[in-house]
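Scroll down for the structure; my scribbles are underneath it.
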Amino acid sequence: MASESPPNLLELDRIEAGYGHAALVLRGLTITVPRSTIVCLVGPNGAGKSTVLKVASGMLHPRGGTVRLDGHDVTRHGPQQRLRAGLAHVLQGHSVFPEMTVGENVRLGAYTVPDRATVATRVQFVQHLFPVVSEQWDVLAGLLSGGQQKQVEFARSLMIDPKVVLLDEPSMGLDPKATATVFEQIERMRDTGTAVLLVEQNARRALQTADIGCVLDLGRVHMSGPAPELLDDPELSQLYLGGHVAG
Amino acid sequence: MSGGLFLQSLILGVLLGGLYALMAAGLTLYFGVMRVVMIAHAAFLVLAGYLAWFFTTRTGLDPILSLAVTVPAFFVLGVGIRRLLITRLKPATMTMMSVLLTFALALVIEGLLGFTFTGVQRRIRTGYSSANFEIFGAQVAVVKLIAFVLAVVALGSLWFVLKKTSLGQALRATIQHREAAELVGIDTDKVAGYGFGIGLATAAVGGTALALDATIYPSLHWHWIGPMMAIIVVGGLGSIPGAAMAAMALGIIHAFLQVPLGATWAQTVFYVALFGTLMVRPQGFFGGRLAQRF
Ligand SMILES: Nc1ncnc2c1ncn2[C@@H]1O[C@H](COP(=O)(O)OP(=O)(O)OP(=O)(O)O)[C@@H](O)[C@H]1O
Ligand SMILES: [Mg+2]
């Protein structure tokens, strides 16, 4: 059976990228994220994981290589165009609009969605998903705790009903319950056809959820494969997952 | 101080405070969207004042009507200045270099005003220029009240735009977290341009309001830039409500000090407040959270 749309929702092909005149951070990196798949990117601090996501979302233009979204070359497109094509990016650290209410933050997630009824439905959806969003709806986002802010950011990114989601350390600062909600959401998105590119410091936890794992080192994918296999790889375990495999 | 004088000073202070708040609003916008310190803002205020004066002497119409031309013109000018000049500065040194750039801009405007209108002091004359009205026994100049009303209307409109329109949401989002704004689909470059334009448009209203009640001359802007900078630092850089509250507070103190100290010495209240703020609470008194990030 021939499918109309290409299997890979997001493709980064031989990407070379860096900041200003400094040395390249990514040197010929290739990653593909198929439909209904969670790809987890691990690597040491400063390896360039966040940079990969910035290139994917259009915040950083690569010096070489191609970015494809749902089969279309979007290398020259900016973040707005990629967002309209269904790509959402949740930044590392905190990125709520601190002097706006939680409600305003979440609604801004639908800035590019013109239909009011659609926005209203999605607001109800994320409120249901993250109780903190509905409980703190009229509170200034900057006054929430770090973990609560992260949930608001995640809710905001879901407002476009994304096809591809880039998550940069989404569980950072979250309590176990909120972490579980976020991971549940990631799995739910995968199950409804979304492609997820996940960067996690908690690599072991992330690889347990992910389908494919990629290890980033020296600006390239150093190793990649099915996530369970990476979890069992002794060398990887030693270098990046901190400690030995249990058993 | 007698009860009558007290009331007179208070009313005068509130009226002045409103005008100061409008004059400083633009500065907080430039800083908010671009991290630009706009030294030329006061020069644009004076320019708007001259245009109002010119309009009235030529047409005989009310100076306030000149706003129909100057407000849109200043908006476009603001968008243009940002696009052609400000965006050429490197982001890393934006704040510092913008001081130099806009200082030069202020000199250019001052020079052009002197060249076009000469250095002679000008004053707008209207039917109500010397009229007074009485409120609770205090005598207040009608032009001061009109300037205050203009300021309230302009600030009210600004509040409405920022809080209730989609452009305003986009503008505030851009000010508060530029990357996140970009990632929800806001064209932050365009929005920053509009922010600059709106900032300069407030200068058109502020300058016209100022010129209703003041003698204008090309170098007048040097007199105003200091107090305005003091207001936005005391209020907390980038915070419009903060600037408005600081303007009101300093306006009232200024009005009260004018009685015992005279106009020149009363002006020092701005510098005292500026130094005091920098020593005690450098992030400003009202803008707290946002200002702390710079
Ligand atoms: N805005 C920037 N300007 C200049 N250099 C940058 C910038 N952001 C990142 N870098 C550099 O790029 C390299 C990769 O950074 P990146 O943020 O992608 O790493 P990371 O893998 O996400 O690290 P972490 O695990 O700490 O989040 C680092 O050497 C960093 O110094
Ligand atoms: Mg990172």
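Distance between the 7 Å Cα→Cβ label points at B:Leu84 and A:Glu184: 5.8 nm. Think of a 1.4 Å ball rolled over the protein heavy atoms: the range B:1-74 then has 32 Å² of accessible area per residue. Backbone phi angles across the range A:200-215, fed through the Karplus curve with coefficients 6.51, -1.76 and 1.60 (θ = phi - 60°), yield HN-Hα couplings of 9, 6, 7, 5, 5, 4, 5, 5, 5, 8, 6, 8, 10, x, 10, 9 Hz in residue order; Gly and Pro are listed as x. Amide H contacts under 5 Å for A:Gly65: A:Glu16, restricted to partners 5 or more places along the chain or on a different chain, H placed in the peptide plane at 1.01 Å from N. Checking every one of the trypsin sites (Lys or Arg not before Pro) in the range B:1-108 against DSSP loop status and a limit of 13 other Cβ atoms within 10 Å picks out no site at all.
Taking the chain by itself as reference, the range A:78-114 contains these residues with an accessible-area loss of 40 Å² or more in the full protein complex (1.4 Å probe, heavy atoms): A:Pro79, A:Gln80, A:Leu83, A:Leu91, A:Phe97, A:Pro98, A:Glu99, A:Met100, A:Glu104, A:Leu108, A:Tyr111. Can you tell me how the range A:11-113 classifies by the Cα gyration tensor, rounded, prolate or oblate, using a/c under 1.5 as the rounded cut? Prolate is the answer for the range A:11-113, as a/c is 1.5 or above and a/b outweighs b/c.
For the protein assembly as shown, dividing the convex hull volume of the Cα atoms by the residue count gives 186 Å³ per residue.
Need one number: % antiparallel among DSSP beta bridges in the range A:84-223, to the nearest 5. Within the range A:84-223, antiparallel bridges account for around 30 percent of the total.
Its DSSP H runs of at least 4 residues, each contributing -39,500 (n - 2.57), put the calculated 222 nm mean residue ellipticity of chain A at -10000 deg cm²/dmol, to the nearest 500. Counting only residues at least eight positions apart within a chain, or on another chain, the lysines with an alpha carbon under 19 Å from that of A:Lys54 are A:Lys150, A:Lys163. Under the convention that each Lys and Arg Cβ holds +1 and each Asp and Glu Cβ holds -1, the size of the dipole of the protein assembly as shown around its Cα centre is about 1440 debye.
Annotation: the antiparallel percentage among DSSP beta bridges lying fully within the protein assembly as shown is about 60.
For Cα pairs less than 8 Å apart in space and 6+ apart in sequence, what is the mean separation divided by the residue count of the range B:15-219, i.e. the relative contact order in percent?
44
For the pair the range B:178-253 / the range B:41-68, the C-alpha centres are spaced 19 Å from each other. Measuring nothing but alpha carbons in the range B:131-268 and taking Rh as the Kirkwood radius, the Rg to Rh ratio lands at 1.04.
Here the accessible area is traced with a 1.4 Å probe on the protein chains. For the range B:15-219, carbon and sulfur cover 69 percent of it. Please state, as a whole number in µm²/s, the translational diffusion coefficient that the Stokes-Einstein equation yields for the range B:15-219 at 37 °C and 0.692 mPa s, with Rh defined as the Kirkwood radius across alpha carbon pairs. Diffusion coefficient, whole number: 185 µm²/s.
Across all C-alpha atoms in the range B:1-125, the radius of gyration and Dmax reach 17.6, 56 Å. Peptides B:233-245, A:126-138 ranked from most to least packed give B:233-245, A:126-138, packing being the mean of other C-beta atoms within 10 angstrom over each peptide's residues.
Remark: the range A:1-132 carries 45 Å² of accessible area per residue (probe radius 1.4 Å; ligands, DNA and RNA excluded). The count of lysine pairs in the range B:15-219 with alpha-carbon distances below 29 Å, taking only pairs 8 or more places apart or on different chains, stands at 4. Between rounded, prolate and oblate, where does the range B:181-256 land on the alpha carbon gyration tensor, with a ≥ b ≥ c its root eigenvalues, rounded for a/c under 1.5, else prolate if a/b exceeds b/c? The shape class here is oblate. Alpha-carbon geometry of chain A: the Rg and the Dmax are 17.8, 53 Å, given in that order. Remark on the range A:90-202: ratio of C-alpha radius of gyration to 2.2 N^0.38 Å is 0.98. Interface A/B, total buried accessible area with a 1.4 Å probe, nearest 100 Å²? When A and B are taken together, about 1900 Å² of accessible area is lost.
Quick one: with all protein chains in place, what share of the accessible area of chain A is carbon or sulfur, to the nearest percent (1.4 Å probe)? The computed percentage sits at 50. So which helices of chain B fit the span-like rule, where a helix is a whole DSSP H run, its Cα atoms reach 24 Å or more along the axis, and its mean Kyte-Doolittle is at least -1.0? In chain B, the long hydrophobic H runs are B:3-34, B:41-59, B:67-84, B:94-117, B:142-164, B:188-212, B:240-261.
The values are calculated or read from the model by the stated rules, or taken from the named source; none is laboratory data. Quick caveat, the model's predicted, so the values are computed rather than measured. Cβ: placed from backbone, ideal geometry, glycine included. Neighbour counts: every protein chain shown. Surface accessibility is based on the protein's heavy atoms, side chains included, excluding ligands, DNA and RNA. Shrake-Rupley method; radii C 1.70, N 1.55, O 1.52, S 1.80 Å.
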